[in-house]
Amino acid sequence: MNRLPDDAENVQSSSRGSCPSLQDVHSINPAQLMARIESYEGREKKGISDVRRTFCLFVTFDLLFVTLLWIIELNVNGGIETTLEKEVLQYDYHSSYFDIFLLAVFRFNVLILAYAMCRLRHWWAIAFTTAVTSAFLLAKVILSKLFSQGAFGYVLPIISFILAWIETWFLDFKVLPQEAEEENRLLLVQDASERAALLQPGLLSDGQFYSPPESAAGSDEESEEKQDSEKPIV
(Lines give C-alpha, C1' and ligand atoms only; values in the text may rest on other atoms or scores of the structure.)
Protein backbone atom coordinates (compact mmCIF):
# COMPACT_ATOMS: atom_id res chain seq x y z
CA MET A 1 0.00 0.00 0.00
CA ASN A 2 2.89 2.38 0.66
CA ARG A 3 4.48 1.81 -2.74
CA LEU A 4 2.34 4.39 -4.55
CA PRO A 5 3.28 7.33 -2.28
CA ASP A 6 6.93 6.24 -2.41
CA ASP A 7 6.82 6.15 -6.21
CA ALA A 8 5.20 9.57 -6.29
CA GLU A 9 7.90 10.94 -3.99
CA ASN A 10 10.62 9.43 -6.20
CA VAL A 11 9.11 11.03 -9.30
CA GLN A 12 8.94 14.40 -7.56
CA SER A 13 12.50 14.12 -6.30
CA SER A 14 13.77 13.14 -9.76
CA SER A 15 11.94 16.06 -11.33
CA ARG A 16 13.40 18.38 -8.72
CA GLY A 17 16.84 16.96 -9.37
CA SER A 18 16.58 17.82 -13.05
CA CYS A 19 15.54 21.39 -12.36
CA PRO A 20 18.81 22.79 -10.90
CA SER A 21 20.59 22.61 -14.22
CA LEU A 22 17.94 24.83 -15.79
CA GLN A 23 17.87 27.08 -12.74
CA ASP A 24 21.63 27.44 -12.91
CA VAL A 25 21.35 28.55 -16.51
CA HIS A 26 18.55 30.96 -15.69
CA SER A 27 20.42 32.36 -12.69
CA ILE A 28 23.43 33.41 -14.79
CA ASN A 29 24.04 37.12 -14.54
CA PRO A 30 24.60 38.57 -18.02
CA ALA A 31 26.72 41.40 -16.59
CA GLN A 32 29.12 38.91 -15.00
CA LEU A 33 29.28 36.89 -18.19
CA MET A 34 30.07 39.95 -20.26
CA ALA A 35 32.76 40.97 -17.77
CA ARG A 36 34.38 37.54 -18.04
CA ILE A 37 34.18 37.60 -21.82
CA GLU A 38 35.77 41.05 -21.92
CA SER A 39 38.55 39.89 -19.59
CA TYR A 40 39.31 36.89 -21.81
CA GLU A 41 39.14 39.04 -24.95
CA GLY A 42 41.51 41.50 -23.30
CA ARG A 43 43.99 38.68 -22.76
CA GLU A 44 43.67 37.72 -26.41
CA LYS A 45 44.24 41.31 -27.50
CA LYS A 46 47.50 41.39 -25.54
CA GLY A 47 48.75 38.89 -28.09
CA ILE A 48 50.72 36.73 -25.67
CA SER A 49 49.67 35.10 -22.43
CA ASP A 50 51.42 35.60 -19.11
CA VAL A 51 52.72 32.05 -18.96
CA ARG A 52 54.09 32.28 -22.53
CA ARG A 53 55.79 35.56 -21.62
CA THR A 54 57.42 33.81 -18.66
CA PHE A 55 58.65 31.08 -21.00
CA CYS A 56 60.19 33.67 -23.34
CA LEU A 57 61.91 35.31 -20.38
CA PHE A 58 63.37 31.96 -19.37
CA VAL A 59 64.65 31.40 -22.92
CA THR A 60 66.33 34.82 -22.73
CA PHE A 61 67.80 33.88 -19.35
CA ASP A 62 69.20 30.71 -20.96
CA LEU A 63 71.10 32.74 -23.55
CA LEU A 64 72.36 35.34 -21.08
CA PHE A 65 73.45 32.77 -18.51
CA VAL A 66 75.41 30.67 -21.00
CA THR A 67 76.96 33.86 -22.43
CA LEU A 68 78.00 34.95 -18.93
CA LEU A 69 79.62 31.61 -18.20
CA TRP A 70 81.45 31.67 -21.51
CA ILE A 71 82.78 35.21 -20.88
CA ILE A 72 83.96 34.11 -17.44
CA GLU A 73 85.72 31.13 -19.03
CA LEU A 74 87.40 33.45 -21.56
CA ASN A 75 88.60 35.75 -18.80
CA VAL A 76 89.90 32.92 -16.63
CA ASN A 77 91.99 31.25 -19.35
CA GLY A 78 94.39 34.12 -20.06
CA GLY A 79 92.28 37.17 -20.97
CA ILE A 80 89.22 37.76 -23.12
CA GLU A 81 91.00 38.95 -26.29
CA THR A 82 93.58 36.17 -26.41
CA THR A 83 91.17 33.36 -25.54
CA LEU A 84 88.46 34.76 -27.85
CA GLU A 85 90.87 34.72 -30.78
CA LYS A 86 91.93 31.19 -29.89
CA GLU A 87 88.36 29.81 -29.56
CA VAL A 88 86.70 31.73 -32.43
CA LEU A 89 89.32 32.40 -35.09
CA GLN A 90 91.28 29.23 -34.35
CA TYR A 91 88.22 27.15 -33.57
CA ASP A 92 88.83 23.59 -32.46
CA TYR A 93 85.89 21.30 -31.82
CA HIS A 94 87.76 19.33 -29.16
CA SER A 95 88.78 22.28 -26.96
CA SER A 96 86.59 25.32 -27.77
CA TYR A 97 83.48 26.48 -25.86
CA PHE A 98 82.39 28.77 -28.67
CA ASP A 99 80.08 26.15 -30.16
CA ILE A 100 78.20 25.83 -26.84
CA PHE A 101 77.58 29.57 -26.95
CA LEU A 102 76.35 29.28 -30.56
CA LEU A 103 74.06 26.46 -29.43
CA ALA A 104 72.45 28.80 -26.88
CA VAL A 105 72.02 31.46 -29.61
CA PHE A 106 70.42 28.82 -31.83
CA ARG A 107 67.92 27.86 -29.11
CA PHE A 108 67.08 31.48 -28.42
CA ASN A 109 66.45 32.39 -32.08
CA VAL A 110 64.30 29.35 -32.86
CA LEU A 111 62.21 29.47 -29.69
CA ILE A 112 61.59 33.23 -29.72
CA LEU A 113 60.70 33.11 -33.40
CA ALA A 114 58.34 30.16 -32.92
CA TYR A 115 56.65 30.95 -29.61
CA ALA A 116 56.89 34.74 -29.29
CA MET A 117 56.60 36.02 -32.85
CA CYS A 118 54.69 33.20 -34.57
CA ARG A 119 52.88 32.17 -31.35
CA LEU A 120 52.89 28.48 -32.13
CA ARG A 121 50.76 26.17 -30.00
CA HIS A 122 52.69 23.01 -30.74
CA TRP A 123 55.74 21.36 -29.24
CA TRP A 124 57.63 20.55 -32.45
CA ALA A 125 59.90 23.61 -32.33
CA ILE A 126 61.17 23.02 -28.82
CA ALA A 127 61.43 19.28 -29.51
CA PHE A 128 63.74 20.14 -32.41
CA THR A 129 65.97 22.49 -30.38
CA THR A 130 66.17 20.10 -27.44
CA ALA A 131 67.03 17.15 -29.68
CA VAL A 132 69.77 19.12 -31.46
CA THR A 133 71.16 20.41 -28.14
CA SER A 134 71.18 16.98 -26.50
CA ALA A 135 72.80 15.26 -29.48
CA PHE A 136 75.48 17.93 -29.92
CA LEU A 137 76.38 18.07 -26.22
CA LEU A 138 76.56 14.29 -25.91
CA ALA A 139 78.83 14.09 -28.95
CA LYS A 140 81.02 16.93 -27.69
CA VAL A 141 81.38 15.41 -24.23
CA ILE A 142 82.35 12.04 -25.72
CA LEU A 143 84.72 13.27 -28.46
CA SER A 144 86.23 16.51 -27.03
CA LYS A 145 88.85 17.16 -24.38
CA LEU A 146 86.84 19.59 -22.25
CA PHE A 147 87.23 17.66 -19.01
CA SER A 148 90.97 18.30 -19.06
CA GLN A 149 90.43 22.09 -19.09
CA GLY A 150 89.13 22.56 -15.56
CA ALA A 151 85.69 23.13 -14.05
CA PHE A 152 84.20 24.87 -17.11
CA GLY A 153 84.63 21.64 -19.06
CA TYR A 154 81.90 20.22 -16.80
CA VAL A 155 79.81 23.33 -16.08
CA LEU A 156 78.98 24.65 -19.56
CA PRO A 157 77.79 21.36 -21.13
CA ILE A 158 75.78 20.37 -18.05
CA ILE A 159 74.15 23.81 -17.68
CA SER A 160 73.22 23.94 -21.36
CA PHE A 161 71.74 20.45 -21.21
CA ILE A 162 69.68 21.18 -18.08
CA LEU A 163 68.37 24.53 -19.36
CA ALA A 164 67.25 22.99 -22.65
CA TRP A 165 65.24 20.30 -20.90
CA ILE A 166 63.74 22.76 -18.39
CA GLU A 167 62.46 24.80 -21.34
CA THR A 168 60.91 21.68 -22.82
CA TRP A 169 59.22 20.75 -19.55
CA PHE A 170 57.92 24.28 -18.97
CA LEU A 171 56.38 24.58 -22.43
CA ASP A 172 54.87 21.10 -22.53
CA PHE A 173 53.48 21.01 -18.97
CA LYS A 174 52.74 24.68 -18.25
CA VAL A 175 52.39 26.90 -21.31
CA LEU A 176 50.39 24.77 -23.74
CA PRO A 177 47.98 23.16 -21.19
CA GLN A 178 47.23 26.47 -19.46
CA GLU A 179 46.53 28.26 -22.74
CA ALA A 180 44.27 25.40 -23.88
CA GLU A 181 42.41 25.57 -20.56
CA GLU A 182 41.89 29.31 -20.89
CA GLU A 183 40.61 28.89 -24.44
CA ASN A 184 38.13 26.19 -23.35
CA ARG A 185 37.01 28.39 -20.48
CA LEU A 186 36.35 31.26 -22.88
CA LEU A 187 34.26 29.00 -25.10
CA LEU A 188 32.23 27.81 -22.11
CA VAL A 189 31.58 31.38 -20.94
CA GLN A 190 30.51 32.44 -24.43
CA ASP A 191 28.21 29.42 -24.69
CA ALA A 192 26.68 30.19 -21.31
CA SER A 193 26.14 33.83 -22.28
CA GLU A 194 24.38 32.78 -25.48
CA ARG A 195 22.13 30.40 -23.55
CA ALA A 196 21.31 33.07 -21.01
CA ALA A 197 20.44 35.55 -23.75
CA LEU A 198 18.09 33.00 -25.34
CA LEU A 199 16.42 31.79 -22.15
CA GLN A 200 15.91 34.99 -20.16
CA PRO A 201 13.38 36.65 -22.53
CA GLY A 202 11.23 33.51 -22.31
CA LEU A 203 11.35 33.62 -18.54
CA LEU A 204 10.28 37.23 -18.48
CA SER A 205 7.37 36.63 -20.81
CA ASP A 206 6.20 33.64 -18.77
CA GLY A 207 6.29 35.64 -15.58
CA GLN A 208 4.11 38.43 -16.84
CA PHE A 209 0.39 38.17 -16.29
CA TYR A 210 -2.16 40.28 -18.13
CA SER A 211 -5.77 40.78 -17.14
CA PRO A 212 -8.21 39.74 -19.87
CA PRO A 213 -10.19 42.48 -21.59
CA GLU A 214 -13.66 43.15 -20.30
CA SER A 215 -16.37 41.31 -22.18
CA ALA A 216 -19.20 43.06 -23.98
CA ALA A 217 -21.77 41.30 -21.78
CA GLY A 218 -20.15 42.70 -18.66
CA SER A 219 -20.22 46.21 -20.09
CA ASP A 220 -23.94 45.85 -20.98
CA GLU A 221 -24.77 44.72 -17.45
CA GLU A 222 -22.90 47.67 -15.98
CA SER A 223 -24.78 50.09 -18.27
CA GLU A 224 -28.13 48.56 -17.26
CA GLU A 225 -27.21 48.89 -13.56
CA LYS A 226 -26.33 52.54 -14.11
CA GLN A 227 -29.67 53.16 -15.85
CA ASP A 228 -31.62 51.47 -13.02
CA SER A 229 -29.80 53.58 -10.46
CA GLU A 230 -30.61 56.74 -12.37
CA LYS A 231 -34.37 56.01 -12.54
CA PRO A 232 -36.34 58.19 -10.09
CA ILE A 233 -37.96 56.41 -7.18
CA VAL A 234 -41.78 56.94 -7.13
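The values are calculated or read from the model by the stated rules, or taken from the named source; none is laboratory data. Note that the structure is a prediction, hence the values are computed from the model and not measured. Note: ideal-geometry Cβ built from the backbone for every residue, glycine included; neighbour counts use all protein chains shown. The area values use the complete protein model at the heavy-atom level, side chains included, leaving out ligands, DNA and RNA. Shrake-Rupley method; radii C 1.70, N 1.55, O 1.52, S 1.80 Å.
Structure values in brief
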| item | result |
| --- | --- |
| The stretch 41-102: mean projected area of Cα convex hull, nm² | 5.5 |
| Charge sum, other residues only, whose C-beta stays under 11 Å from SER95's C-beta, Lys/Arg counted +1 and Asp/Glu -1 | 0 |
| Protein accessible area in the stretch 135-179, 1.4 Å probe - carbon and sulfur % | 78 |
| Per-pair calculated FRET efficiency, R0 = 30 Å: LYS174 and VAL76 via Cβ, rounded to 0.05 | 0.25 |
| Directionally averaged projected area (convex hull, Cα atoms, the stretch 55-144), nm² | 6.1 |
